[in-house]
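> I'd like to ask you about the structure that follows.
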Amino acid sequence: MLKRVDSIGFSGFQEVLLTFSLQRHPASPILHPEPASSWECYNVFNPSVIHYNALFHMHYRAQGLDWVSRIGYAVSSDGVHWNRLREPVLEPIDEQESRGVEDPRVTCIEGTFYMTYTAYSSAAEGRDYLAQRQDWDFFHDGLILPMIARSRNLIDWQRIGPIVSGEDNKDHVLFPRKINGRFAALHRRRPQVWIAFSDDMLVWPDESMAPIYGPRQGSTWDNFGVGSNGVPIETEFGWLSINHGYSQDHIYHLGVVLLDLDNPTRVIHRPADPIFWPQELWELRGDVPMVVFSCANPVVDGTVYVYYGAADHVIGLATCRLDDLVNFARFG
Ligand code: BMA
């Protein structure tokens, strides 16, 4: 369906997409659990993918016999067919990660790769902290930390530390460049998506943090929870940020929001409708049903590749033209 809108200047009218949805790649799901592996035999999901040196590089969350999440690595020339390493590239190293390292999001900033990931702990103080929280509505019984690690080669990772600690915070993702001279990250401080800034990636002062947007009352799909997905895409019209949302039914949908380039706390536009939701059997059923959860949206030759965990069990790919997504983000 097309909508006519006034365009800026004297160029008259332009037609833009009013409704929009990502298109599943016919090869999806593109990555399955590996039955012969102890650490990735149950689930592979929620991958990061970047396009670097003409190759697609995937870091994905995997669970095997011990149900602890680890991060595996795979590489591809076409973004569809993958060769994976036999061993994980990131595994828990201490108590604060004892239940797993989850949901990687990788970006390259000034020649260094950075991965944000969630550390999941079974620490007693975490349980105490959560037990005090009357509004804690989820299944976690441990403490989570929004971590950052860095790498020169995408394989060896050194931990930098968390953006914040002692709170329910995750879905953090770095912008691909500094904004006004500082590193910038989106993160989820329930129930809203926030921004944070840092001079050195180590310290993210609380004074620099600000809420941007949250669940929408009246919405049928994101009135209960929201969070950011992959690395924001820089466009001439603003930062295009794909996000996820759900309502009480816990069906995950993907949406999009356009943020101001210089001041990303300012929402330029946030279309009311989602751009993707579970429909295929392997999205509707799995380890956690009715979930499409994305941590990656690399743009290659004008196409946005949205990689996502489906039902926390396999990895799917859906695509669109960047121009179409930008139009939807501006006018949808
Ligand atoms: C979120 C995250 C994701 C997961 C999703 C659905 O809270 O933990 O890792 O895919 O729930 O289970």
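The values are calculated or read from the model by the stated rules, or taken from the named source; none is laboratory data. All values derive from a computational prediction rather than experimental measurement. FYI the Cβ positions are ideal-geometry reconstructions off the backbone, even for glycines, and counts take in every protein chain you see.
> Give me a count of the residues in the range 217-268 that are hydroxyl-bearing (Ser, Thr, Tyr) and more than 30 Å from ARG285 (Cα to Cα).
Pass one, the range 217-268, residues hydroxyl-bearing (Ser, Thr, Tyr): 219-220, 228, 235, 241, 246-247, 252, 265.
Within this subset, residues satisfying the condition of being more than 30 Å from ARG285 (Cα to Cα) are 235, 265.
So the answer is 2.
> What number of residues within the range 199-208 satisfy the criterion of being touching a residue at least 40 places away in the same chain (Cβ under 8 Å) and either assigned to a loop (DSSP other than H, G, I, E, B) or surrounded by 13 or more Cβ atoms within 10 Å (Cβ to Cβ) (or both)?
Residues flagged as touching a residue at least 40 places away in the same chain (Cβ under 8 Å) and either assigned to a loop (DSSP other than H, G, I, E, B) or surrounded by 13 or more Cβ atoms within 10 Å (Cβ to Cβ) (or both) within the range 199-208 amount to 3.
> Mind checking which residues of the range 162-208 are away from the ligand (no atom under 16 Å from the Cβ) and of a type in the set (Asp, Glu)?
Correct list: ASP199, ASP200, ASP206, GLU207.
> Could you list, in sequence order, the residues of the range 1-36 that are among the aliphatic types (A, V, I, L, M) and either at pLDDT below 95 or at positive phi (or both)?
Kept after step one, since they are among the aliphatic types (A, V, I, L, M), are these residues of the range 1-36: 1-2, 5, 8, 16-18, 22, 27, 30-31, 36.
Listed by number, the residues that qualify are MET1, LEU2, VAL5, ILE8, VAL16, LEU17, LEU18.
> May I ask you to list the residues in the range 280-332 that are aromatic (Phe, Trp, Tyr) and free of Cβ contacts under 8 Å to residues at least 12 places away in the same chain?
none
> Out of the range 273-309, which residues are within 20 Å of GLY332 (Cβ to Cβ) and out of contact with any Ser or Thr (no Cβ under 7 Å at 6 or more places or on another chain)?
Hits for the range 273-309 are PRO274, TRP277, GLN279, VAL292, SER294, ASN297, VAL299, GLY302.
> I'd like to verify a number: residues in the range 286-324 that are charged (D, E, K, R) and within 16 Å of the ligand (Cβ to nearest atom), how many?
Quick first cut of the range 286-324, residues charged (D, E, K, R) only: 287, 301, 312, 321, 323-324.
With the extra rule that they be within 16 Å of the ligand (Cβ to nearest atom), the set shrinks to 287, 312.
Number of matching residues: 2.
> Let me ask you something else. From the set of residues in the range 71-96 that are under 19 Å from ASP171 (Cα atoms) and either β-branched (Val, Ile, Thr) or at pLDDT below 95 (or both), which is surrounded by the most Cβ atoms within 10 Å (Cβ to Cβ)?
Per the criteria, the residue is ILE71.
> Does the range 238-251 include one or more residues that are within 14 Å of the ligand (Cβ to nearest atom), surrounded by fewer than 21 Cβ atoms within 10 Å (Cβ to Cβ) and acidic (Asp, Glu)?
Taking every residue of the range 238-251 in turn, at least one turns out to be within 14 Å of the ligand (Cβ to nearest atom), surrounded by fewer than 21 Cβ atoms within 10 Å (Cβ to Cβ) and acidic (Asp, Glu).
> Name the residues in the range 216-237 that are of a type outside the set (A, V, I, L, M), within 14 Å of the ligand (Cβ to nearest atom) and under 26 Å from MET115 (Cα atoms), would you?
Those that are of a type outside the set (A, V, I, L, M), within 14 Å of the ligand (Cβ to nearest atom) and under 26 Å from MET115 (Cα atoms): GLY225, GLY227, SER228, ASN229, GLY230.
> Can TRP221 be described as among the aromatic types (Phe, Trp, Tyr) and outside any loop (DSSP other than H, G, I, E, B)?
Working: among the aromatic types (Phe, Trp, Tyr): yes; outside any loop (DSSP other than H, G, I, E, B): no.
No, not satisfied.
> Inspect the range 266-276 for any residue being in contact (Cβ under 8 Å) with a residue 40 or more places away in the chain, more than 24 Å from PHE45 (Cα to Cα) and buried (at least 20 other Cβ atoms within 10 Å of the Cβ) and give the result as yes or no.
No.
> Let me ask you something else. Show the residue pairs that are 6+ apart or on different chains and have beta-carbon atoms under 6 Å apart, the first residue being within the range 167-180 and touching a residue at least 40 places away in the same chain (Cβ under 8 Å), the second being crowded, with 20+ Cβ neighbours inside 10 Å and among the aliphatic types (A, V, I, L, M).
Here the result reads LYS170/ILE144; HIS172/ILE163; HIS172/ALA185; VAL173/LEU186; VAL173/VAL231; LEU174/ALA185; PHE175/ALA184; PRO176/VAL231, each pair linking the range 167-180 to a residue that is crowded, with 20+ Cβ neighbours inside 10 Å and among the aliphatic types (A, V, I, L, M).
> While we're here: Looking only at residues that are farther than 16 Å from PRO232 by Cα and among the charged types (D, E, K, R) in the range 252-285, which one is nearest to the ligand (Cβ to nearest atom)?
So, considering only residues that are farther than 16 Å from PRO232 by Cα and among the charged types (D, E, K, R), the one nearest to the ligand (Cβ to nearest atom) is GLU283.
> Of all residues in the range 203-230, which are more than 25 Å from VAL304 (Cβ to Cβ) and among the aromatic types (Phe, Trp, Tyr)?
Applying the first criterion (more than 25 Å from VAL304 (Cβ to Cβ)) to the range 203-230 yields 203-211, 217-218, 223-224.
Passing the criteria: TRP204, PHE224.
> Can you tell me which of (1) within 22 Å of GLY161 (Cα to Cα); (2) surrounded by fewer than 22 Cβ atoms within 10 Å (Cβ to Cβ) is the one GLY100 doesn't meet?
(2)
> Return the pair list, or none, for Cβ contacts closer than 6 Å from residues in the range 86-109 that are of a type in the set (Ser, Thr, Tyr) to residues that are modelled with pLDDT under 95, at least 6 apart or on different chains.
SER98/SER121; SER98/SER122
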